[in-house]
Each structure stands twice: as C-alpha cells, then as structure tokens.
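Some notes on the structure that comes next.
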Amino acid sequence: MGLLSIITPFLFAQNINSIINKTEVERIEKKLSSDEMQGRKVFTPGIEKAAVFIEDQFKKAGLQPLETDGSSYRQNFMMLKLKSSNASLQLEGKEIPAGHFLIRSPEKLLDINENSGYTKVAITKNDSDFFTHLLQLLQVHHNQIIFVDTSFSAYFPRLNYYLRQFLQNAASTILVLTDQTNPEHFQLKAQQVFTEMPLSNMVGILRGKELPNEYVIFSGHYDHLGIGKAINNDSIYNGANDDAAGTTAVIMLAKYFSQLHNNKRTLIFAAFTAEEIGEYGSAYFSDQFNPDAVKAMFNIEMIGTESKWGKNSAYITGYDKTDMGKILQSNLKGSQFNFYPDPYTEENLFYRSDNATLAIKGVPAHTISTSKMDNEPNYHQLTDEITTLNIANMTEIIKAIAISSQTIISGKDTPSRVNATNLK
C-alpha cells in the first residue's frame, strides 16, 4: 500500500501522484546513473554531461537560476590543489619532521610565527570527537595554527590527502602533530605551487510569496567515483544510489513544488559537486548564505534501497539535535511512512554529508537516507546500479519528503536550531 493511500484530502487535491511517480523517478534516475555519465567523477566529461542534464531539468521545472545575472543554474567556484610544497616548521626552536605538520593555505609564500596574528588552537588527547572538532575549525574564516596531540597521529595520512585540496577562498590553517599543544614560539616557512580546478554546483530557486528572505533547501550531490579497474567487464561506478538517487529526489521535488506554486518561504534546490572528495560543493554553497536566513535543509543521500525497517521508512541524521524530525513525522500522521533517528551514530553521518557545513553554523540541516551502513553491499562499488534499487519505494520516500516539509515551507513550523557550540 502506498504512502498516499490514507493521507489527508488536502494532499489528494494536490494530485502528487501525477507529478512524483515511479515512471518519472525511474526516467531521471536511469539517466543520471547511466554509463553515458561515466560515473560522474569531478573534472571529467561525465560529470559535465550530468550537469547539463540537471540544468535542463531545473529549467523545465520552472526554477529560476540562483545567480544574480540569471544566465545559468551553475554556481561556479574554484578549488586549489597543491601541486608541490617546500616547507619547514620549528616549535620552540626545534625542527618538526615533515610528516608531522600539514598546511592548508592559498598563499604561495608563507613566513609566519607567533606574531603573525594566527589563532592558536589545541586539540588534546581528551577531545572526545576529533573529526567533529576539526571540521568546525576548518569552517572558520581566520588564519589559525592547530596543535594536535600525538594520540591522533593515525589520522594524519588521511588528512594530508584532504588538506592538499581546498576552496580558493579558504583561510590558512596549519596542523601540527605534537606533544606540546600550547607552545609559545613557532616559525613556519613554505613555498607552494597550486593547480586551479573549476567546479560547479547546480542551483535553482522558487521565490517565496510571503517570506522570500527565509530559505528552505533541498539538496543532494551529483558527483561520484568515475571509472576504475574493470571487474567482470564493468569499470563504471554508476553511483545509482550514491547519489543519483538523492539528485533525482531534488529534481522531482523541484517539479512538484513548482507546480504546487504556493510556497511562502523561498525554496532552493541544489545538486552539489565534489562531495566524494571532501564536500567542497556544499562548503562553497553554504558560505553564500546568512545561516540565520536558512530555516531548514533537507539533504537527501542514498534513498534507493530499503532501510533496516523495510519499505515506507527512512532515517534522519542528527535527529536529536533539532525538532525537525518530529515536525516531519507529525506531518505524516495518518500515513504508513515513518522517519526514524539515525541508527548508525557510530558512523558520524551527521558530519559526513553535505548538510554538515550549514549544521555547524546552527542551521537545522539534516540528511535523509535509507542506506544500511552496516550492510550495504553496493556502496562505493561497481555494482551500485539502477537494477539494485527499489524505485517504487524510492518514489514513496520522495513523496514523504514533499508532504512532511509542507508546514516548514509554509512558514507554519520553524525547526529549532542546532546548538553550534555543543555539536559533539
């Protein structure tokens, strides 16, 4: 039995089934996850094909471009990738080994010390959530040097990969692995060479009729892993669930709300790039908004498979951090659909998807997913193809998001804010 079999007469009147239906969901999902898109890896012709398709769908849905010139749905930005670096660091006059400090800075030449105005920050061995703390620190817009206790040394190789690429407008951050987390003196010198790499989010907007300066965001990421080593004559990481499914949902929701045409708050529909390499698309997007104006964010990630509870269900990451989940479930009263709290809290999913950069700023920004993180055999595999998805159930999830968001879109409900000072 479908979600709408016992939903309220008001929603029947909106004829949601004529807009959000299995046929249309399958059409979009099939296109985004096709071999034609070559796995949608950033900086490849495949992701450009996906961008062109999404742009066309946004245009057909009647969305306006977000950018002020109105010429494109592309939100263009630049990422820097470190090509080479020659750097040295001294703490209290002693040389620090090259593998024990990391630099994320757009500056080609660095010559800094304790008098250079860098904020000093310590991450001690008592820090209960290293990555959450670090993610918060990487969102700041001032220069800083972070002294990381050696108990976190195992994380440094992975960080080195991510910190070698960053947004062009990032502030300078220096990470130092050391037993001295509160040194008085330091001296860093570096020469760096970068490659500039252009990226594009796809963003469309439906202006609110009564509350145009209050925003509700629906998002997913359209990039994936591209082409790899062939296994059984297949080399394309189609990313049907991750996250062609979420991008399909964003397009369907754009079509639905555009035809409904009664949103009091402004709705923004975003397909982010570069999630798979560090969530750079959503990071750039988030910086373009006053977070106080963003009243809710529905980030949609991997909804193509059934959740651990079966059909007509999904979970919400960070459920306990705001009352948004309770609002959504209240709006589904009388239906067979249920939103549950994230059951995989040890995976720290609230900070591992594109909702994170706005959540850190206090926005009730959550990811909706069904992915069984303890048993999802096709995750980041060549087998993540449309044939592994339950399109009918995915369609019901998209309808549930459309229906449950109604009171937030209308301005009747405003979810509570994330406590940005206590995110652990």
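The values are calculated or read from the model by the stated rules, or taken from the named source; none is laboratory data. The model shown is predicted, which means the values in this text are computed figures rather than measured ones. Virtual Cβ from ideal backbone geometry, glycine too; neighbours counted across all protein chains shown.
A single entry from ASN213, ASN232 fulfils the requirement of being surrounded by fewer than 24 Cβ atoms within 10 Å (Cβ to Cβ) and at pLDDT below 95: ASN232. Comparison of SER330, SER335, SER313 shows that the only residue that is at pLDDT below 95 and closer than 28 Å to SER18 by Cα is SER335. Evaluation of GLU29 against the conditions (1) in contact (Cβ under 8 Å) with a residue 40 or more places away in the chain; (2) among the acidic types (Asp, Glu); (3) farther than 30 Å from THR388 by Cα shows that the sole unmet condition is (3). Only a single item in (1) out of contact with any His (no Cβ under 7 Å at 6 or more places or on another chain); (2) on the phi < 0 side of the Ramachandran plot; (3) surrounded by 14 or more Cβ atoms within 10 Å (Cβ to Cβ); (4) modelled with pLDDT of 95 or more is not met by GLY62, and it is number (2).
Filtering segment 105-142 to residues that are in a loop (DSSP other than H, G, I, E, B) and acidic (Asp, Glu) leaves GLU107, GLU114, ASP127, ASP129.
Criterion applied to TYR161, TYR155 was being closer than 20 Å to LEU80 by Cα and assigned to a helix (DSSP H, G or I), and the one residue passing it is TYR161.
Restricting attention to segment 72-109, the residues that are of a type outside the set (A, V, I, L, M) and touching a Pro at 6+ places or on another chain (Cβ under 7 Å) total 4.
The condition of being of a type in the set (Gly, Ala, Ser), touching a residue at least 24 places away in the same chain (Cβ under 8 Å), in contact with a strand residue (DSSP E or B) (Cβ under 7 Å, 6 or more places away or on another chain) and surrounded by fewer than 11 Cβ atoms within 10 Å (Cβ to Cβ) does not hold for SER88. Using the structure shown, decide if SER71 is part of a strand (DSSP E or B), touching a strand residue (DSSP E or B) at 6+ places or on another chain (Cβ under 9 Å) and loosely packed, with under 14 Cβ neighbours inside 10 Å. The answer is no for SER71. When GLU196 is tested against (1) surrounded by fewer than 19 Cβ atoms within 10 Å (Cβ to Cβ); (2) modelled with pLDDT of 90 or more; (3) over 30 Å from LEU63 (Cβ atoms), exactly one condition is not met: (3).
Looking at GLY281, GLY325, GLY318, GLY304, just one residue is over 24 Å from HIS380 (Cβ atoms) and buried (at least 22 other Cβ atoms within 10 Å of the Cβ), and that residue is GLY325.
The condition of being farther than 29 Å from ASN17 by Cα and touching a Ser or Thr at 6+ places or on another chain (Cβ under 7 Å) holds for only one of ASN378, ASN419, that being ASN378. One residue alone among ASP374, ASP384 is more than 25 Å from PHE285 (Cα to Cα), modelled with pLDDT under 95 and of a type outside the set (Ser, Thr, Tyr), and that residue is ASP374. Scanning segment 173-219 for residues being of a type outside the set (Val, Ile, Thr) and not in a strand (DSSP E or B) gives a total of 10. Remark: pairs (first residue in segment 211-229, farther than 14 Å from SER282 by Cβ; second residue assigned to a strand (DSSP E or B) and among the charged types (D, E, K, R); Cβ separation under 6 Å; 6+ apart in sequence or on different chains) = LEU211/ARG265; GLU214/ARG265; GLU214/LYS295; VAL216/ARG265; VAL216/LYS295. Scan segment 38-48 for residues that are surrounded by fewer than 17 Cβ atoms within 10 Å (Cβ to Cβ) and touching a helix residue (DSSP H, G or I) at 6+ places or on another chain (Cβ under 8 Å) and the total you get is 2.
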